[in-house]
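Read through the structure below, which is laid out as C-alpha cells, and then see the notes.
Nothing in this text is a laboratory measurement; each read-out follows from the coordinates by a stated rule. As the structure is a computational prediction, the values presented were derived from the model and not from experiment. Cβ: placed from backbone, ideal geometry, glycine included. Neighbour counts: every protein chain shown.
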C-alpha cells in the first residue's frame, strides 16, 4: 500500500498498468487499492507543482504568523478552520515557538495580500497579532526544486 | 625511436586488456545514447553526505588520516555489521578503510598469494578479480556459473576446482554482472568445502544492501567462517558514493595487519574528505539508502518484466542493479548484439563475455537509470528486435 502511495506522491499521472509493473501487483489490484485510498481520503487530491513565475503570472505569496488568544470554549481547531476557509489561504499550520498559527497566502498583488491580512485576518477576535513575510523567490516547492539541476556526469560505460 | 615496450614487466604482459575498451571507443561522439552500461547508481550522493564532505573541507580537514582510516569511521563500520549481521569486528585491528573495494581486493590478494598459488573465482564476475590475481602472482581458476542455476556457484563446483595449490576463493554476491544472490544454505555448502580443504575466502559483498525479497547473508557470519574470511565492502553502491572511493576490508587481525602493511606503503590512506562523508552515510544515511533500494526494486520489476516480454529470457535478479538477459533467441553473440544495438538504436549494454567466457550469450543491463530512460531503452530494443 505504502509503495503505491510513494509512487503516486512522486507522479500522480502514472498509469495503473505501470504501477503494477513497478510494484508486482496486478493491474486490477492496483486499481482497487487506489480506489480504496481515494475513497478513504488517504489520497486527498492530485496536484501539479507549477512554476508560475515562468508563466509570467505575478502571484504574490506571503507567510503570515499569528498569535492567538483562545476563547473560553473554542480551541485552535476552531479558529484554524475559520481561517482555512478563505480561498486566499494556501496552507495553515499550528506551530511551536513565538507564534501559534502559520499561514501561506496567495494574492494577485502585495496590496491584495495586505488588504486580506488587515481586513480578514487581523480583525478576527482571537487574533492577537500578525507578522507578514512576503515571499521574494521560491526555490523549492513541495519537494520539487524550481532551479536548474546539473545533469549527470556518469560515464556511459563503467565496470 | 625507443621501443618502450621492452621496459614492461613480464607480468603486466600477461594481464588481458579490458574487453570493454573497443566497445567504449564506439560510443565516443555518439549523441542521444541511452546507456544501460553503467556500473554505478544514477543517484547523486545524498546531500547530507555531500554536505559533511563540504563542511570538512571548510574546517580544513585535508590531512592524511591513520593508515587504517579514521577511527570514527572504523567504529561506524564495525557497528553497522554488528547491527545488520551480528558479526563483530574490532575497529582497532580488524577494519581497514581502503580507496574503494577494488583496492581492498588487490590488498587481500597480494597479502595472501604466493607465486603459483591458485585462486578460484566464479564467472561471470566483476572484471578486476582476474587481473588482480595475476598481478599478485597467482593463477586464476575460473568456475562457470549458469543460467540454469541462476548464476549461483555450488560447493560441488568449488570442490571440483580445488587442487593442492588452491589458496583462496573469491566470492562476489550479490553479483555484478548477473544480479544473482546466494541463499544461506548455498553459502553453507561452500563453507563446508572451505573447511574441508583449509581455504580462505575473499568475499566481496559491496552490493549487500541491494538485495530484494530476502535478506543478505554475510559470509563471515556463518559458523567457523570468521577466521577464514576477508570481508570486502564499501559505500559506493549502497550510498551512491562511487567517485568518493571508500571501501573497507574486515577480517582476522593477522590478515588485516598484512593488508595494512601494503596499504600504508602504497595508498597511505583513503581520502579524508570521503572518509568523513562515509561516517555521515553510516550514521545518518539509513533512510536515504532504503529509499534508493525501494526505487531500484521498482525499476527491477519493471525492467525485467519488459525484457522477458521482448523474448530476451531473463531470470529474476534478486540483488545489485543488473539484469542479465540471454540473447539466445536472437541467434547473435552478445558482442554482435551489443554492437548492433548501439549502432542501430543507440542503446548501450555490456556484452556478457566481458565478465568471463561463460557470460557470452548474455548482456549486462544496468537498471540504475531513470524510469523514463528504461522505458525508452525497452522501446528501442523492441524496435531493434523487430
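Could you calculate the FRET efficiency of residue A:42 with residue B:9 from 1/(1 + (r/R0)^6), where r is the beta carbon distance between them and R0 is 45 Å, rounded to 0.05? The value I calculate is 0.10. Stretching residue B:223 away from residue B:339 to a fully extended chain increases their span by 37.1 nm, per 0.36 nm per residue minus the current alpha-carbon distance.
For chain A, the longest principal axis of the Cα atoms and the long axis of helix A:27-39 meet at an angle of about 10 degrees.
A crude spin-label estimate for the pair residue B:114 and residue B:213, with each label 7 Å from Cα along the Cβ direction, gives 4.6 nm. Legend: mean number of C-beta atoms from other chains within 10 angstrom of residue C-beta atoms, peptide A:14-24, equals 4. Within the listed set A:74, A:17, A:102, the residue fluctuating most in the Gaussian network model of chain A (springs between alpha-carbon atoms under 10 angstrom) is A:17.
Expressed as a whole percent, how much of the Cα-Cα distance distribution for region B:63-284 exceeds 27 Å? The calculated P(r) of region B:63-284 puts 26 percent of pairs beyond 27 Å. Hey, in the GNM for chain B with a 10 angstrom Cα cutoff, which one of B:54, B:256, B:134 fluctuates hardest? Residue with maximal mean-square fluctuation among B:54, B:256, B:134: B:54. Measuring nothing but how far apart in sequence close Cα pairs (under 8 Å, 6+ apart) lie, relative to its length, chain B scores a relative contact order of 23 percent.
The alpha carbon centroids of region B:282-359 and region A:29-96 are separated by 43 Å.
To the nearest 0.05, what FRET efficiency results for residue A:86 and residue A:131 with a Förster distance of 30 Å applied to their C-beta separation?
Values: r = 18 Å, r/R0 = 0.60.
Efficiency for this residue pair is about 0.95.
Based on the alpha carbons, how large is the Rg to Rh ratio for the protein assembly as shown when Rh follows Kirkwood? Intermediate values should be presented prior to the final figure.
Working: Rg = 28.3 Å, Rh = 26.7 Å.
Rg divided by Rh gives 1.06.
Across region A:91-159, the volume of the C-alpha convex hull divided among the residues equals 151 Å³ per residue. Remark: mean inter-chain Cβ contacts per residue of A:143-155 equal 2, using a 10 Å Cβ-Cβ cutoff to other protein chain atoms. For region A:53-137, the Cα gyration tensor yields ellipsoid semi-axes of 24, 12, 11 Å (square root of five times each eigenvalue, largest first, whole Å). Modelled label positions at residue B:331 and residue A:3, each set 7 Å beyond Cα in the direction of Cβ, lie 3.9 nm from each other. Is region A:1-92 rounded, prolate or oblate when judged by the Cα gyration tensor, a ≥ b ≥ c being the square roots of its eigenvalues, rounded requiring a/c under 1.5 and prolate requiring a/b larger than b/c? Oblate.
Just the Kirkwood number for region B:35-96, please: inverse of mean 1/r across all distinct Cα pairs, in Å, one decimal.
Values: mean 1/r = 0.0701 Å⁻¹.
Every distinct Cα pair counted, the radius reaches 14.3 Å.
Extending 7 Å from Cα along the Cβ direction at residue B:261 and again at residue A:70 yields two label points whose distance is 7.2 nm. Converting the Cα gyration tensor eigenvalues of chain B into ellipsoid dimensions via √(5λ) gives semi-axes, longest first, of 32, 26, 22 Å.
Averaged over peptide B:31-41, how many Cβ atoms belonging to another chain are found within 10 Å of each residue's Cβ?
On the way: counts 0, 0, 2, 1, 6, 2, 6, 7, 5, 4, 1.
So the per-residue partner count for this stretch is 3.
Each peptide among B:198-206, A:77-85, B:73-81 gets the average number of other Cβ atoms lying within 10 Å of its residues, and from highest to lowest they stand as B:198-206, B:73-81, A:77-85. Taking each residue as 0.36 nm, the span from residue A:29 to residue A:94 lengthens on full extension beyond its C-alpha to C-alpha distance by 19.7 nm.
What is the order of B:219, B:43, fewest Cβ neighbours within 10 Å to most? Before the final figure, lay out each step's value.
On the way: B:219 27, B:43 17.
So the residues, fewest neighbours to most, are B:43, B:219.
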